[in-house]
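Only one structure is covered here, and it is reproduced in the block below.
The values are calculated or read from the model by the stated rules, or taken from the named source; none is laboratory data. All figures in this text were calculated on a predicted structure; none of them were measured in a lab. FYI the Cβ positions are ideal-geometry reconstructions off the backbone, even for glycines, and counts take in every protein chain you see. All accessible areas refer to the heavy atoms of the entire protein, side chains included, with ligands and DNA or RNA removed. Shrake-Rupley method; radii C 1.70, N 1.55, O 1.52, S 1.80 Å.
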Amino acid sequence: MSAMHVKDLDLNLLRLFAEVYRAGSVSRAAERLGLTQPAVSHGLTRLRLLVKDPLFMRAPGGVRPTPRAVALADAVQDALDALEGALGRTSVFDPATSRHLFRIHMSDIGEGRFLPELMAWLHVQAPGVRVATLPVPHAALAESLDAGAIDFAFGFLPQVRETRRAELLRDRYVVLLRSGHPQRARLQGLRGAAQLRALQQLDFVAVRAHADTLRILQRTGLQERLRLTTEHFMVLPSIVQATDLCGVMPRNIARGFVQAGGCAVVEPAFEGAAFTVSLHWSHRFEANPAHRWFREGVVGLFAQA
């Protein structure tokens, strides 16, 4: 089908096709579009009759596009991009009445840092708006944002390029240990190279999913002191308080554990300890009113002056 024929299709059918194509599922597309599953199925039937070819076939967990749909996809997206760019200047997103679903990539530590304040803000500003966090492999983030599979990605993501981004906060990695750790006073009394050498007397727990903490231990020659590798940051306070194990983690999160009691922080001069957390999104959806509203809200909530 040519781009000229694509332009002749109903805009809602174009959006419906694009969403099913991205999601690989009629039910997920229906949820994202705010429609019922039968309505999306009916729309696909109308589209199939117009195109005079099947566009999707049943597959485990959803649907898969036919060769005809694959050939059609780029032309549909080009048409939608042009229309969204034109309509985005005048269309309106009403947060007070919207039922929009935002899909967000966050790590477990990002959820702990951002979700409580974000959801409290949404409860006041947009009580019907929904959020779903979806972990995406870092190598697939830019593609997932461009495809609309996710709307935003939060995090320290230096390997993610070709996205729009806004800096939210600057942080650094520190060492979390229990308040009664036998080495705490000595460590907090040292600085620089002497403090780094003293870390050789500690045993560590690391988080597998956050490669930067493992790299810091390796750079500092502490990999032989690693006694436990776990999957999630949020379990570290319990482990640290129950043992003499120490964890390397972002300072902003560690401070919350210190305030809750039972933990203390040491801030060694780790090489490469500083990092920046940003909000990422796709240029394809920059003019979308819902995206723009959410993006401006997140920056207003979290960006450091």
| remark: If we keep only residues of the stretch 11-46 that are in contact with a strand residue (DSSP E or B) (Cβ under 7 Å, 6 or more places away or on another chain) and β-branched (V, I, T), then the residue farthest from R58 (Cα to Cα) is V20
| field | Which numbered condition R89 fails, given (1) outside any helix (DSSP H, G or I); (2) more than 24 Å from the chain's Cα centre (by Cα); (3) modelled with pLDDT of 85 or more | value | (3)
| Within the stretch 206-222, how many residues are β-branched (V, I, T) and either more than 12 Å from M249 (Cβ to Cβ) or assigned by the TED database to the domain that holds F156 (or both)? | 1
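Hey, does the stretch 202-210 have a residue that's over 22 Å from the mean Cα position of the chain (by Cα), surrounded by 20 or more Cβ atoms within 10 Å (Cβ to Cβ) and at pLDDT 90 or above?
Within the stretch 202-210, the subset over 22 Å from the mean Cα position of the chain (by Cα) is 202-205.
When the remaining residues are screened for being surrounded by 20 or more Cβ atoms within 10 Å (Cβ to Cβ), the result is 204-205.
Then keep just the ones that are at pLDDT 90 or above; that gives 204-205.
Yes, the stretch 202-210 contains at least one residue that is over 22 Å from the mean Cα position of the chain (by Cα), surrounded by 20 or more Cβ atoms within 10 Å (Cβ to Cβ) and at pLDDT 90 or above.
Take the conditions closer than 18 Å to E111 by Cα and not in a helix (DSSP H, G or I) and apply them to V298. Does it pass? Lay out the reasoning, then the answer.
Working: closer than 18 Å to E111 by Cα: yes; not in a helix (DSSP H, G or I): no.
No: the conditions fail for V298.
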| said: Can you say whether R251 is basic (K, R), within 24 Å of F114 (Cβ to Cβ), modelled with pLDDT under 90 and open to solvent by 40 Å² or more (accessible area, probe 1.4 Å), as far as the supplied structure shows? | reply: no
| field | Residues located in the stretch 97-111, provided they are in contact (Cβ under 8 Å) with a residue 24 or more places away in the chain and in a helix (DSSP H, G or I) | value | D108, I109, G110
| request: Could you give me the residue pairs with C-beta distances under 6 Å whose first residue belongs to the stretch 45-62 and is touching a residue at least 40 places away in the same chain (Cβ under 8 Å) and among the acidic types (D, E), whose second residue is surrounded by 10 or more Cβ atoms within 10 Å (Cβ to Cβ) and assigned to a strand (DSSP E or B) wherever it lies, and which are 6+ apart or on separate chains? | output: none
| note | Only one of A269, A264 is open to solvent by less than 30 Å² (accessible area, probe 1.4 Å) and of a type in the set (A, V, I, L, M, F, W, C), namely A264
| What about V240, is it touching a Lys or Arg at 6+ places or on another chain (Cβ under 8 Å), of a type in the set (A, V, I, L, M), surrounded by fewer than 19 Cβ atoms within 10 Å (Cβ to Cβ) and not assigned by the TED database to the domain that holds L115? | no
